[in-house]
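Can you keep this structure in mind? I'll have questions shortly.
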Amino acid sequence: MANKYEMMVVLNPSIGEEALNALVENVKAKVEEGATIDTMDVLGNKKLAYEIDDQKEGYYLQFNFSAESTFPKEIERKLKITENVMRYLVVRVGE
């Protein structure tokens, strides 16, 4: 049975607009490999609470998706090794 999840991803905005758009599509494709995306919101550049890798801003993406219970570990593994992904968080949305 598929569960509902919410995921926030913070990307490095200093890579340039073209590379950032390609990275957004790359992350979206990785999610679509094992889940059904309900909504995807590009929240854009926001000031970080603290510096990460000398960056004061991050480019935020929010996903709501449905997937099997094994998928969050897999997407976290893929995001961890993806260059220019600064942070991510996947949480299960309650019943």
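Listed residues 23, 11, 43; which is open to solvent by less than 80 Å² (accessible area, probe 1.4 Å), free of Cβ contacts under 8 Å to residues at least 24 places away in the same chain and not polar (S, T, N, Q)?
Answer to the selection: 43.
Let me ask something additional. Could you list, in sequence order, all residues of segment 58-95 that are open to solvent by 90 Å² or more (accessible area, probe 1.4 Å) and either within 15 Å of the chain's Cα centre (by Cα) or more than 18 Å from residue 5 (Cα to Cα) (or both)?
73, 77, 80, 81, 83, 87, 89, 92
For residue 52, are the conditions met, namely being out of contact with any Ser or Thr (no Cβ under 9 Å at 6 or more places or on another chain) and open to solvent by less than 30 Å² (accessible area, probe 1.4 Å)?
yes
Hey, does segment 36-59 have a residue that's in a helix (DSSP H, G or I) and touching a helix residue (DSSP H, G or I) at 6+ places or on another chain (Cβ under 9 Å)?
The answer is no, given that none of the residues of segment 36-59 is in a helix (DSSP H, G or I) and touching a helix residue (DSSP H, G or I) at 6+ places or on another chain (Cβ under 9 Å).
The values are calculated or read from the model by the stated rules, or taken from the named source; none is laboratory data. Not measured: the values here are computed from a predicted model. Positions of Cβ are generated from backbone atoms using ideal geometry, with glycine treated the same way; all protein chains shown enter the neighbour counts. Please note that ligands, DNA and RNA were not included when accessible areas were found on the heavy atoms of the full protein model with its side chains. Shrake-Rupley method; radii C 1.70, N 1.55, O 1.52, S 1.80 Å.
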